[in-house]
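The values are calculated or read from the model by the stated rules, or taken from the named source; none is laboratory data. Since the model is a prediction, treat every value here as computed from it, not as a measurement. Every residue, glycine as well, gets a Cβ built from its backbone with ideal geometry; the counts of neighbours run over all protein chains shown. These accessible areas exclude ligands, DNA and RNA; they are computed on the full protein's heavy atoms, side chains included. Shrake-Rupley method; radii C 1.70, N 1.55, O 1.52, S 1.80 Å.
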Amino acid sequence: MKRFALALCVPLLAPGFALAAGQTHEAAPMMAPAQKPLTADDLVNEANAPQRSESAKTILDRFTAGLGQTNPRIAIFWNRAFNDQVSDWASRRRVVVSGTGSVRGEVPEGDLNLDGESRAAVQSETRSGRSSGPAAPAFDLQSGFVSQLSRAGVRVVDRNAIMRITDNALEDGTFERLSPDQARLEMRALDQHADYLLVLSEVAADQFQIRVLSVKDGSVAALVSSNGMPPETEEDRRWVATDRGFEKRERRVSLKDVGQELALQTLEAL
């Protein structure tokens, strides 16, 4: 009797089994693999990692192709502030003197009554100090930066040189030599001898900020924040034979390399 009942149940269950076999089910969610917690060393390595993904040749070719027939002139401020101070002279106090008076008299044609009022103001100005900020970056860094810009067709102009050239051209009697305004002379020199102003600031031992501004209209052409670390290549890693066997030696990054890398990232942003 039990065998008969089991035989009846099997045909009834078979369609259900076939239906279940034909259905698809979404995979059960898998547990995400455990992630390694960030450490202080990880943050340092991330901050020191290279920030450029394109090759130097790609950047230079694209920038050169975009120049056309022009070679932009760029003046560089090395750790020198470029702010809203438009003059060396600043007024710290203002003295106002006022008074009233009247004059009465006679003339042959009749009586003359004169009433007058006078008011005078005296403004005292002092020359404010124009600090240039921290010392300029090392010469090797400047050399790498300028050489990379020149390789891209940029004409780099020196701030001090264009100021002296502009000042010399103004020696025609129209320029006040008693108290020359260095801030206004600086801006006049930039307007006459540069297309862009590049302000490079070393905010930390391994961190730089770069602004590129149009001298003509003040527009911001590029903003770059970088550690200047160039990406590694196969040539940077060499195997050197030692008395302990072959050891991998990585090329040390020089200040000139950092300067070239900062220039490349600036060209990439432009």
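Name the one entry in Glu176, Glu171, Glu117 that is in a strand (DSSP E or B), open to solvent by 30 Å² or more (accessible area, probe 1.4 Å) and either modelled with pLDDT of 65 or more or not aromatic (Phe, Trp, Tyr) (or both).
Numbers: Glu176 fails: in a strand (DSSP E or B); Glu171 fails: in a strand (DSSP E or B).
Matching residue, one of Glu176, Glu171, Glu117: Glu117.
Can you confirm whether Leu185 is open to solvent by less than 20 Å² (accessible area, probe 1.4 Å) and at pLDDT 95 or above?
Values: open to solvent by less than 20 Å² (accessible area, probe 1.4 Å): yes; at pLDDT 95 or above: no.
Answer is no for this residue.
When you scan the range 65-80, do you find a residue that is in a loop (DSSP other than H, G, I, E, B), in contact with a Ser or Thr (Cβ under 8 Å, 6 or more places away or on another chain) and not β-branched (Val, Ile, Thr), even just one?
From the range 65-80, those in a loop (DSSP other than H, G, I, E, B) are 68-72, 79-80; that's our starting set.
From what is left, the residues that are in contact with a Ser or Thr (Cβ under 8 Å, 6 or more places away or on another chain) are 79-80.
Filter again for not β-branched (Val, Ile, Thr), leaving 79-80.
Yes, because at least one residue in the range 65-80 is in a loop (DSSP other than H, G, I, E, B), in contact with a Ser or Thr (Cβ under 8 Å, 6 or more places away or on another chain) and not β-branched (Val, Ile, Thr).
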